[in-house]
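The values are calculated or read from the model by the stated rules, or taken from the named source; none is laboratory data. All values reported here derive from a predicted model rather than from experimental measurement. Here the Cβ positions follow ideal geometry from the backbone for every residue, glycine too, while neighbour counts run over all protein chains shown. Areas reflect the complete protein model, heavy atoms only, side chains present, ligands, DNA and RNA absent. Shrake-Rupley method; radii C 1.70, N 1.55, O 1.52, S 1.80 Å.
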Amino acid sequence: MIEILKADITTLKVDAIVNAANNSLLGGGGVDGAVHRAAGPELLEFNRKLGGCATGQAKLSPGFRLAAKWIIHTVGPIWHGGGEGEAELLEKCYRNSFLLALSQDIKSIAFPAISTGIYGYPRGSAATIALVVMRQYELQFNRIVACCFNAEDLDIYYRELDKLRQ
Ligand code: ADP
């Protein structure tokens, strides 16, 4: 089941939260900064051993001080106008996060709106990609949360999900 929520993703009690990280996996702004602050310094120490992450790929860490047991770090594309494979890369972020979750027996998972903050991906088309992939994995999870951080995103996600269900 897909649930659209307005929340700080670091507070969610799910098996795994997804972090919109950067290629270093060593922390940054936006949701990444919030995840590192909430998980504690052990996360940075752990991630140093992961050797970074390519755009579109996903890597796993423990949740440390989070309620979530796991953090799936994925790196979204930076928006350059849409002609540089951004849509395919964003889709890969969602798909590879789900595949990693399935390999760990993760049954509930929450995603932020990957790439739509500092990386500048248009919110509407990013939400469509997110929800299309979420629907493909819906039956394999107990709970899939699309975690919006503001009211505007919440509206966009509800609207896009309605469109997909028509
Ligand atoms: P990116 O670099 O991939 O664009 P950002 O963190 O800048 O990542 O933004 C991705 C999305 O995460 C944005 O929609 C932003 O509003 C949202 N966001 C920021 N902080 C949080 C948080 N604590 N919980 C959930 N979503 C968040």
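Remarks
- Unmet criterion (only one of (1) closer than 19 Å to residue 11 by Cα; (2) in contact (Cβ under 8 Å) with a residue 40 or more places away in the chain; (3) open to solvent by 30 Å² or more (accessible area, probe 1.4 Å)) for residue 66: (3)
- Look at region 144-166: where a residue is closer than 25 Å to residue 15 by Cα and a partner is in a strand (DSSP E or B) and of a type in the set (Asp, Glu), sitting 6+ places away or on another chain with Cβ atoms under 6 Å, you get 145/3.
- Cβ separations smaller than 6 Å between residues 6+ apart or across chains give the following pairs from region 1-19 residues that are within 17 Å of residue 97 (Cα to Cα) and open to solvent by 50 Å² or more (accessible area, probe 1.4 Å) to residues that are in a strand (DSSP E or B) and more than 10 Å from the ligand (Cβ to nearest atom): 15/108.
- Failed condition for residue 31, given (1) surrounded by 15 or more Cβ atoms within 10 Å (Cβ to Cβ); (2) over 18 Å from residue 76 (Cα atoms): (2)
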